[in-house]
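In what follows, a single structure is set out as structure tokens and then discussed.
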Amino acid sequence: MFSLPLAGLRFAFGTLTVFRVRVHRWDRVAGGAAMVVAPVVGVVVGVLAGAVGALVAWRGGALLGAVAVVAVGALVTRGLHLDGVADVADGLGSGKPAEDALRIMKQSDIGPFGVLTLVLLMLGQIAVLAGQFGESLWRGALAAAVAATAGRTALLWGCLRSVPAARPGGLGAMVAGTVRPVAAVAVTLLVAGSAAAVRWQGGVAVLCGVAVAAGVLRRCVRRFGGVTGDVLGALVETSATATLVALALT
């Protein structure tokens, strides 16, 4: 009864974090389950990053605490999602046909569009988190946790059954098209409702973050013909950043 959810959790933590988790099942069924429970990964990563950030902010100030949150998030995920958003920015910014854009995204180097996007994105995250820590350590830690969870919630929408893989092979092809729409809606509402129960602005911010990620997803599907692992990583960072911005504006 619990074998599939457990396999999904192992798959999610084993592929989305540096935590040493043995993945027993590597198939599309387990991959779909992993995407459904991906927000749990976000909670763990966000709480860890928020706790470290709060500790650093307590001793070293709000700005340093914000940098610590972003650094911990990157370390715990091997920079996987940041790499994805940079590659997607290079692919979209190239203006080339889908096949050539996908080839550019697969290259190991980062182009000017990717560098600019990474700098602006991380500056935006740090700016909001510094403001939240400036209000209180609790608000800063909560913002980190909500943003990280909202980022992983966007993965469900990138893996909807109506969204194809842009190319065969890789994590993107493994999980593309594995999530039912009802599951995506239910999990998103659960995450937003849970965030709102702690602080009402959190629920609004989660919905805003997922909505912005959905816009990026639509652009990527039209441009590349589907999703890749890089696109999914970009959705995580886009949703997390938009969630933080929404928190700052509400």
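Cβ separations smaller than 8 Å between residues 6+ apart or across chains give the following pairs from the stretch 232-244 residues that are buried (at least 24 other Cβ atoms within 10 Å of the Cβ) to residues that are not in a helix (DSSP H, G or I): Leu232/Cys159. Taken over the stretch 81-95, the criterion of being within 16 Å of Gln125 (Cβ to Cβ) and open to solvent by 30 Å² or more (accessible area, probe 1.4 Å) is satisfied by Asp83 alone.
Filtering the stretch 1-21 to residues that are outside any helix (DSSP H, G or I) and under 16 Å from the mean Cα position of the chain (by Cα) leaves Thr17, Val18. Within the stretch 12-28, being within 17 Å of Ala176 (Cβ to Cβ) and hydrophobic (A, V, I, L, M, F, W, C) holds for Ala12, Leu16, Trp26. The residue list Val236, Val221, Val210, Val231 contains one member that is over 11 Å from the mean Cα position of the chain (by Cα) and either assigned to a helix (DSSP H, G or I) or not acidic (Asp, Glu) (or both), which is Val221.
Restricting attention to the stretch 29-43, the residues that are open to solvent by 60 Å² or more (accessible area, probe 1.4 Å) and either without any contact (Cβ under 8 Å) to a residue 12 or more places away in the chain or within 10 Å of Val179 (Cα to Cα) (or both) total 1. Residues in the stretch 24-60 that are in contact with a Ser or Thr (Cβ under 7 Å, 6 or more places away or on another chain) and not in a helix (DSSP H, G or I): 0 in all.
Restricting the stretch 175-185 to residues that are in a helix (DSSP H, G or I) and among the hydrophobic types (A, V, I, L, M, F, W, C), the residue that is farthest from Leu247 (Cα to Cα) is Val175.
Among the residues of the stretch 198-207 satisfying the criterion of being of a type in the set (A, V, I, L, M) and either open to solvent by 10 Å² or more (accessible area, probe 1.4 Å) or outside any helix (DSSP H, G or I) (or both), which is farthest from Ala89 (Cα to Cα)? In this case the residue turns out to be Val198.
For the stretch 172-222, a tally of residues being touching a Ser or Thr at 6+ places or on another chain (Cβ under 8 Å) and not small (Gly, Ala, Ser) returns 12. Among residues of the stretch 51-77 that are in contact (Cβ under 8 Å) with a residue 24 or more places away in the chain, those with a beta-carbon under 9 Å from a residue that is aromatic (Phe, Trp, Tyr) and part of a loop (DSSP other than H, G, I, E, B) at least six positions away or on a different chain give the pairs Val76/Phe19.
Tell me whether the stretch 94-110 contains one or more residues that are under 17 Å from the mean Cα position of the chain (by Cα) and of a type outside the set (Ser, Thr, Tyr).
The initial filter retains those residues of the stretch 94-110 that are under 17 Å from the mean Cα position of the chain (by Cα), namely none.
Checked against the condition, which is being under 17 Å from the mean Cα position of the chain (by Cα) and of a type outside the set (Ser, Thr, Tyr), the stretch 94-110 yields no hits at all.
For the stretch 211-224, state whether one or more residues are in contact with a strand residue (DSSP E or B) (Cβ under 6 Å, 6 or more places away or on another chain), open to solvent by less than 30 Å² (accessible area, probe 1.4 Å) and at pLDDT below 95. For the stretch 211-224, residues in contact with a strand residue (DSSP E or B) (Cβ under 6 Å, 6 or more places away or on another chain), open to solvent by less than 30 Å² (accessible area, probe 1.4 Å) and at pLDDT below 95: absent. With respect to Leu64, determine if the residue is of a type outside the set (S, T, N, Q) and surrounded by fewer than 19 Cβ atoms within 10 Å (Cβ to Cβ). Here the answer is yes, as Leu64 does meet what is asked. Of all residues in the stretch 175-197, those that are open to solvent by 50 Å² or more (accessible area, probe 1.4 Å) and among the small types (Gly, Ala, Ser) total 3.
The values are calculated or read from the model by the stated rules, or taken from the named source; none is laboratory data. Worth saying up front: this structure is predicted, and the values here are computed from it rather than measured. When we count neighbours, we look across all protein chains shown, and the Cβ atoms used for this are built from the backbone with ideal geometry, even at glycine. These area figures cover heavy atoms from the full protein model, side chains too; ligands, DNA and RNA do not enter into them. Shrake-Rupley method; radii C 1.70, N 1.55, O 1.52, S 1.80 Å.
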